[in-house]
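> Please see the structure below; I have some questions.
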There are 2 protein chains.
Amino acid sequence: MFSKSCEYGLRAAIFIAQQSKLKNKVSLSTISEEINSPQAFTAKILQQLTRNNIIKSIKGPYGGFMVEEEKMSTQLSEIVNVLDGDSIFTGCGLGLKQCDASAPCPLHFEFVEIRERLKKMLENTTLISITDELNIESTILKP
Amino acid sequence: MFSKSCEYGLRAAIFIAQQSKLKNKVSLSTISEEINSPQAFTAKILQQLTRNNIIKSIKGPYGGFMVEEEKMSTQLSEIVNVLDGDSIFTGCGLGLKQCDASAPCPLHFEFVEIRERLKKMLENTTLISITDELNIESTILKP
DNA sequence: TTTAAAAAGGATAAAAAGGTCTTTTAATCT
DNA sequence: AGATTAAAAGACCTTTTTATCCTTTTTAAA
Ligand code: FES
Ligand code: FES
C-alpha cells in the first residue's frame, strides 16, 4: 500500500507528535528505536519531513525533532503526499495513464470509491487526532 | 497500490478472458499491444499466470494464450495474490510486522475496513463478471 | 572558548523491481 | 522428417528503493 519510506515516516511523525504533546524533543536514535526503523534511513525521511515543514528539527546538544503546536493539525494525507506522491489518491487501479470516468478501466467505479475512502480517512486523521486517541486506546508503533 | 507486474497481469488476464469468450487465442505481441505493456516483461508475467494455472498457453503455430471455460470464474484477488502476494490483503498500513487487533497501530480499525473492502471487491470481481460487463459499459484497458 | 551532541549532506552499496535478450522446447504445416 | 511458429526458460541489464557510512555544520553547555 505505502512505501517503506512512507510507513516509517508516518510512524515517526506520530511518535514525534506524541512526544511533542508532552513537551519532549526526541533524537533520531530514540525515534528509530521506538518505531523500529533503520536509523540512517529514518534520518533521510525526517529530513524530507523537515524540508516540507511538517516537523521541526533542532541541531546541537539537547536538540532533536518536534512537531510545533500549529503543525499538530497536519493531515496524514499530507505526509503520504510528501513521501509517496499523490498517485495513491488519484491513480488508476490497473495502472492506466490516467483515471478518468469517461474512459474507465473495468475496476474504475468500485476502485474510486475505495480510493476515496482511503483518502478521506487520511485527510480526517491528523497528528493531533491520533495523539488524542493514543491516550485512550492502547495503540502501538512497533512490532 | 499494485506493482507494475500486477497491473499488467490484471489487464492482460482481462484482455485474454475477453478474447477467450469470443473463442480467440491471443499471442503475446497482440496482448502487449492491446494493453500497452512492455512485451518481454509481459511474457514473464504471463508465465507466472500460466504456472499458477490461471491462464493456459499453447505453443507453436496458432498458439497463444487463453482462459479456459472453468477458469473464467477466477477472482481478481487470486491474480493479485499470485503477482503481489497477500500483504495488500493482510498487512498493516503502517508496516508493523503483523496486523493484529490486540496490538493495533493507530490506523488499524479504519484501515482494516478499507483493506477488507478492497479484498471483497477483488474477490467478487471475476474474469467472467468483468467480461460480461465489458459488453454493456464501455471500459478500456489502455493506454 | 572548547567540547560534545545532534542534525544535514554527500557518497556509496545492497536489494528489489522493472525490463530485455537469447536459447530451448513444443506444436503445426508442408 | 524438416521448416516454421510461438511460448518457456534463464541469463542478463537498468532503474528505483532501501539502507549505510562518513564528513560537515550547527549549537548548547561547561
Ligand atoms: S480508470 Fe482505472 S480506476 Fe479509474
Ligand atoms: S495493526 Fe496496523 S493496520 Fe492493523
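> Loop-only check: which chymotrypsin sites (Phe, Trp or Tyr not before Pro) in the range B:37-143 are DSSP coil with at most 14 other Cβ within 10 angstrom?
Answer in residue order: B:Y62.
> For A:F89, place a label point 7 Å from Cα along the Cα-to-Cβ direction in every copy; what are the distances to the other copies, in nm, shortest first?
3.0
> What stretch of chain B, leaving out the sites themselves, is the longest with no trypsin sites (Lys or Arg not before Pro) in a DSSP loop having at most 15 other Cβ atoms within 10 Å?
Numbers: sites that count: B:K23, B:K59, B:K97.
No qualifying site falls inside B:98-143, the longest such stretch.
> Dipole size in debye (nearest 20) for the range B:4-133 around its Cα centre, Lys and Arg Cβ +1, Asp and Glu Cβ -1?
Here the range B:4-133 has a charge dipole of around 480 debye.
> Per chain A: cysteines with no other Cys C-beta under 4.7 angstrom?
Result for chain A is A:C6, A:C105, no neighbouring Cys Cβ within the cutoff.
> Right, something else. Tell me what chain A gives for mean residue ellipticity at 222 nm when only DSSP H runs of n ≥ 4 count, each as -39,500 (n - 2.57), the sum divided by the residue total, rounded to 500 deg cm²/dmol.
Numbers: 7 runs with 78 residues, N = 143.
Counting only the DSSP helices, I get -16500 deg cm²/dmol.
> Distances in nm, one decimal, shortest first, from B:E68 to the same residue in every other copy, taking the label point 7 angstrom along Cα→Cβ.
6.5
> Find the centroid of the Cα atoms in the range A:90-132 and in the range A:9-83, then give the distance between the two in whole Å.
Here the answer is 26 Å between Cα centres.
> Something else: Mind checking which helices in chain B clear 27 Å along their axis (Cα) and have mean Kyte-Doolittle hydropathy of 0.5 or more, DSSP H runs only?
Membrane-span-like by this rule: not one helix.
> Give the dimensionless ratio obtained when the Cα radius of gyration of the range A:1-134 is divided by 2.2 N^0.38 Å.
1.18
> For A:C92, which sequence-distant residues (separation of 5 or more, or a different chain) have an amide H within less than 5 Å of its own amide H, given hydrogens modelled in the peptide plane?
HN-HN under 5 Å from A:C92: A:C99.
> Same structure, new question: Specify the residue with the greatest mean-square fluctuation among A:E123, A:E34, A:E70, computed from a Gaussian network of chain A linking alpha-carbon atoms under 10 Å apart.
A:E70
> Every other copy gets compared here: list the nm distances from the B:Q48 label point (7 Å along Cα to Cβ) to its counterparts, shortest first, one decimal.
2.4
> Of the residues B:I88, B:I114, B:I45, which exhibits the maximal mean-square fluctuation in a Gaussian network model of chain B defined by a 10 Å Cα contact cut-off?
B:I114
All of the numbers you see were taken from the coordinates with simple rules; none came from a lab. What you are looking at is a predicted structure, and each value in this text was computed from that prediction instead of being measured. Because the Cβ atoms are built from the backbone with ideal geometry, glycine has one as well, and the counts that use them run over all protein chains shown.
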